[in-house]
Amino acid sequence: MNSKLSYLWPPILIAALFLGAWQLLVVVQDLKPFLLPAPSLIASEFSNGATLMWGAAFYTGTTAFLGLLFGTIAGLFMALLAQRFITVNKLVTPLAAGLATVPIIALTPILNNMFNITSRTPRVLVTAIIVLFPIFVNVMRGLIQVNPLQVELMRSLNAAPRTTLRILRIPNAIPFFFTGLKIAAPLAVIAALVAEYFGGPQEGLGSRIASAAANTAYGRAWAYVLAAIITGLIFYLAIIAIERLVTPRSAQLHVKA
Amino acid sequence: MASTRDRISNGFVSFLWALAGIAIIGLMWELTKLIGTIIDLPFNTSNQAMPHIWTMFSAFSLPEVRGSDTTVFQAVLAASTYSLTLALGGFVIGVSVGLLLAIIMQRFLFFERGLLPFVIASQTVPLIALAPLIVGIGNQISFGPIQWSTTYSVMFIAAYLAFFPLSVGALRGLQAPSSTSLELMRSYAATNNKVLWKLRFPASIPYLVPALKVSAAAAVVGTVVAEISTGVRGGIGRLMVEYARETTSQPAKVYVAVFGAILLGLVVAAAITAVDVLLTRNLPKKGLA
Amino acid sequence: MTTTFDTGSALAISNVSKVFNKGNENEVIALSDVNLNVHTGEFISLIGPSGCGKSTLLRVIGDLTGFDSGSVQVSGKSPEDARKERLYGIAFQQAALFDWRTVSKNIELPLELAGWDKSQREVRSAELLEMVQLSEFGNHRPWELSGGMQQRVAIARSLAVDPPLLLMDEPFGALDEMTRERMQNELLRIRLDTGKTIVFVTHSIPEAVYLSDRVVVMSPRPGRITAEINVDLGERTETTRESDHFFHCVTSVREALRLHDTSGTSTSSFRGEV
């Protein structure tokens, strides 16, 4: 009880101090909203425009979700393929490592040309490509980094590679998969949001922030940023929740193996 | 040391495989175009949307604008170099601030408990959404005679994206020394600063290097995205947007810009790998398998 | 081993008590009314089952942890002053060498912190490397060395500032039996060369007997000293470990440990089987 409290009060105190100082700075210095709107203004813009915020967040969130879904499926598939075929592994792994620092979002204009720019498709695709790599890298790690003693055990039992994969490697990879997802989910939201800056439909958070800022409606722009932050948090927390649901079962699988 | 040489030669082999991987992607690209001429694919495979690989390469030597002496490739290279400078500036600032924060969090439990939740949460939210607003703020700031320029805004965005992953990794590293090592330092009556320099910093290297990689990636992506969302001229982000608008007349041009962005990322990846080899050369090699 | 130590007091511990998690439901009396005096140049071992407080006592002496009541004097000073004046060296079960430093630089670490000049440090580390017979390995990295060699480096490091007292917490606990016996002989040789006072924590009865002038037996719940056994084996030779007198001493320590074994029933049944 006491120890829980000692973990809770510092972040709350710091958040309160930060917001208080921000509000005070804006009020005392009489800062104009275009420079820095007060937290109170952002909060009121947020609650006044709730339906707008929700709509934009829903649009960008859907793009991010679809991208995350397709990217995850592709990443899993590639990891299984690379684990099975050493050539695929050698071809893909260095590419995946090199692409970590590449701004993949740069593919958006190309995809906008190939697909209908007025649709969501190019944005979902670029999100999926961005998501694919952290999923691939982490799942691959999980499939390969198994306890060598357990591999020897499977070998002593004359288990086929497919059986080893099912009984040993896949359960071993589940925690790694969630590590990958926890990296990928925020990336998906960022990608979906930034892809909107390359033109196309104007319904999403990225477009709204940019246009609100361009129209000097800074309070509203910050409120959209708040909506984007909440969207990101929802994605992350959803992954954590799924992980909590799934992990005990995978642990049971482990014991059986 | 031989192991360092091994790592370099392994790296070269990986590089060759990566080239093979890229070649296969190129083949698939052309194959897709070929199939597109036979059956109806759900996307545009025309030369305008998907130029031939050789058209892309020929675009490298096109004049940047009609009648200009500089080629597209030279323009892209200049823009990538400019973006690299901004990313590097942001990276250095972000890493310095991140390290400082990690040291403060390690030293004072209050700050660890008070700040760490926000640092972690900030990695899960799209802070990049702030980019257009940062520019708005930046334009209003001046320090005496020095006027804030939009390039500072780009650097600032790159810096704050680089800062978060680094501070988490560095904190984990600073907390890595075993209780035995810490007792040893205590038995020498070492001051907190000595413990930091002689034990915590060196012990944090294995945690710091991956954090540096993430931060470098964040700085590059942050720079390009910031350039796109703030419209700052001179960098590869803005150039991509400009070339993307010219696809009707010069469809292959944008690919040169994308190539530039990839090159930028690879240069940074290579630099970070060099830093990795340098920093970990005296450490046991783990996980060679 | 002839009794070369003088009558000076290296360590005086009286009525020391220490409680972990005081007032909590998992309160543990780590040390209860411990009294111990160690002469300058004496080699004593602390032995007992886990939880008997032997490591805690060592940490109290080194001021790595505090105590609740009683008094501790290290060379006539408080443990804190003794630590700050670098009056003791310490070695642990893990060698705890720093991977990023060469073997020499590891040995020089305490000297750096004590503010020695670079040239002085190099001379001293070369000296110590010779003492632990690792002269060729000064420029190696610790992780290139075997476990026994790493522990020798750790012992050299503990001797670096030439402190009068050595605290050793199961330093050979992670080594294989053969290496362990070799290390014990080396430690005795170093002791003979340097005349250090040594407080040695161990789990192993033969190790305690072979090394020490006096074996201090401790027992848990509460952690306390239950027996002190003087070992009068004289100079250790190759045949010491096989001598009747050695076995006699081992048996005395074993019986002292058994006497206070709190799991009483198993003790009597075990005694029956012997």
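The values are calculated or read from the model by the stated rules, or taken from the named source; none is laboratory data. Keep in mind that what you see is a predicted model, and the values were worked out from it rather than measured. FYI the Cβ positions are ideal-geometry reconstructions off the backbone, even for glycines, and counts take in every protein chain you see.
Numbers below:
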| read-out | value |
| --- | --- |
| In segment A:204-219, the residues that are closer than 14 Å to residue A:59 by Cβ and either more than 8 Å from every other protein chain (Cβ to nearest Cβ) or out of contact with any helix residue (DSSP H, G or I) (no Cβ under 9 Å at 6 or more places or on another chain) (or both) | A:204, A:207, A:208, A:211 |
| Some residue of segment B:77-84 being surrounded by fewer than 23 Cβ atoms within 10 Å (Cβ to Cβ), within 14 Å of another protein chain (Cβ to nearest Cβ) and outside any helix (DSSP H, G or I) | no |
| Lone qualifier among A:97, A:159, A:192, A:173 - being closer than 28 Å to residue A:60 by Cβ and among the hydrophobic types (A, V, I, L, M, F, W, C) | A:192 |
| Qualifying residues in segment B:135-163 (those that are of a type in the set (Ser, Thr, Tyr) and at pLDDT 75 or above) - the one surrounded by the most Cβ atoms within 10 Å (Cβ to Cβ) | B:153 |
| Any hit, segment B:67-74, residues being surrounded by fewer than 16 Cβ atoms within 10 Å (Cβ to Cβ), of a type in the set (Val, Ile, Thr) and part of a loop (DSSP other than H, G, I, E, B) | yes |
| Verdict on residue A:122 being more than 21 Å from residue B:269 (Cβ to Cβ) and either among the small types (Gly, Ala, Ser) or buried (at least 18 other Cβ atoms within 10 Å of the Cβ) (or both) | yes |
| Residue in segment C:1-28 that is surrounded by the fewest Cβ atoms within 10 Å (Cβ to Cβ), counting only those that are of a type outside the set (S, T, N, Q), over 21 Å from residue C:188 (Cα atoms) and modelled with pLDDT of 90 or more | C:12 |
| Candidate set: segment C:76-105, residues that are in a loop (DSSP other than H, G, I, E, B) and of a type in the set (Ser, Thr, Tyr); chosen: the one surrounded by the fewest Cβ atoms within 10 Å (Cβ to Cβ) | C:78 |
| Single match in B:226, B:190, B:216 (criterion: buried (at least 24 other Cβ atoms within 10 Å of the Cβ), within 7 Å of another protein chain (Cβ to nearest Cβ) and not charged (D, E, K, R)) | B:216 |
| Every residue from segment C:219-244 that is within 19 Å of residue C:172 (Cβ to Cβ) and not polar (S, T, N, Q) | C:231, C:233, C:236, C:238, C:241 |
| Members of segment C:16-55 that are of a type in the set (Ser, Thr, Tyr) and closer than 16 Å to residue C:74 by Cβ | C:40 |
| Selected residue (only one of A:210, A:227 is more than 21 Å from the chain's Cα centre (by Cα) and assigned to a helix (DSSP H, G or I)) | A:210 |
| Selection from segment A:74-117 of residues that are more than 7 Å from chain B (Cβ to nearest Cβ), more than 26 Å from residue A:143 (Cα to Cα) and among the aliphatic types (A, V, I, L, M) | A:111, A:117 |
| Residue satisfying condition, being over 23 Å from residue C:82 (Cβ atoms), surrounded by 23 or more Cβ atoms within 10 Å (Cβ to Cβ) and over 16 Å from the mean Cα position of the chain (by Cα), within set C:119, C:125, C:146 | C:125 |
| Residues of segment C:40-91 satisfying the condition of being on the phi < 0 side of the Ramachandran plot, of a type outside the set (Val, Ile, Thr) and touching a helix residue (DSSP H, G or I) at 6+ places or on another chain (Cβ under 7 Å) | C:43, C:45, C:46, C:62, C:64, C:67, C:79, C:83, C:88, C:89, C:91 |
| Matching residues, segment B:117-134, being hydrophobic (A, V, I, L, M, F, W, C) and facing chain A (nearest Cβ under 8 Å) | B:118, B:121, B:125, B:127, B:128, B:129, B:130, B:133 |
| Of all residues making up segment C:66-75, the number that are assigned to a loop (DSSP other than H, G, I, E, B), away from chain B (no Cβ under 13 Å) and either surrounded by fewer than 20 Cβ atoms within 10 Å (Cβ to Cβ) or not aromatic (Phe, Trp, Tyr) (or both) | 2 |
| Hits in segment B:1-35 (condition: in contact (Cβ under 8 Å) with a residue 12 or more places away in the chain, among the small types (Gly, Ala, Ser) and within 10 Å of another protein chain (Cβ to nearest Cβ)) | B:11 |
| Of all residues making up segment C:37-59, the number that are over 13 Å from the mean Cα position of the chain (by Cα) and more than 23 Å from residue C:191 (Cβ to Cβ) | 5 |
| Neighbours by Cβ (under 8 Å, 6+ apart or cross-chain): first from segment A:1-16, surrounded by fewer than 13 Cβ atoms within 10 Å (Cβ to Cβ); second modelled with pLDDT of 70 or more and in a helix (DSSP H, G or I) | A:6/B:113; A:7/B:113 |
| Any hit, segment A:49-65, residues being modelled with pLDDT under 90 and surrounded by fewer than 16 Cβ atoms within 10 Å (Cβ to Cβ) | yes |
| Verdict on residue A:235 being in a helix (DSSP H, G or I), within 14 Å of the chain's Cα centre (by Cα) and either away from every other protein chain (no Cβ under 11 Å) or of a type in the set (Lys, Arg) (or both) | no |
| Elements of type helices (runs of 4 or more DSSP H) in segment B:104-204, at least 2 residues being in contact with a Lys or Arg (Cβ under 8 Å, 6 or more places away or on another chain), over 27 Å from residue B:86 (Cβ atoms) and among the polar types (S, T, N, Q) | none |
| Meets criteria (surrounded by fewer than 21 Cβ atoms within 10 Å (Cβ to Cβ), of a type outside the set (Gly, Ala, Ser) and at pLDDT 90 or above) for residue A:136 | no |
| Residue that is over 30 Å from residue C:78 (Cβ atoms), within 12 Å of chain A (Cβ to nearest Cβ) and out of contact with any helix residue (DSSP H, G or I) (no Cβ under 8 Å at 6 or more places or on another chain), where the choices are B:233, B:238, B:245 | B:245 |
| Count of residues meeting criterion [closer than 20 Å to residue A:227 by Cβ and more than 11 Å from chain B (Cβ to nearest Cβ)] in segment A:1-22 | 2 |
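Okay, residues lined up against (1) at pLDDT below 90; (2) within 14 Å of chain B (Cβ to nearest Cβ); (3) over 20 Å from residue C:172 (Cβ atoms):
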{"position": "C:36", "(1), (2), (3)": "no, no, yes"}
{"position": "C:63", "(1), (2), (3)": "no, yes, yes"}
{"position": "C:77", "(1), (2), (3)": "no, yes, yes"}
{"position": "C:85", "(1), (2), (3)": "no, yes, yes"}
{"position": "C:91", "(1), (2), (3)": "no, yes, no"}
{"position": "C:106", "(1), (2), (3)": "no, yes, no"}
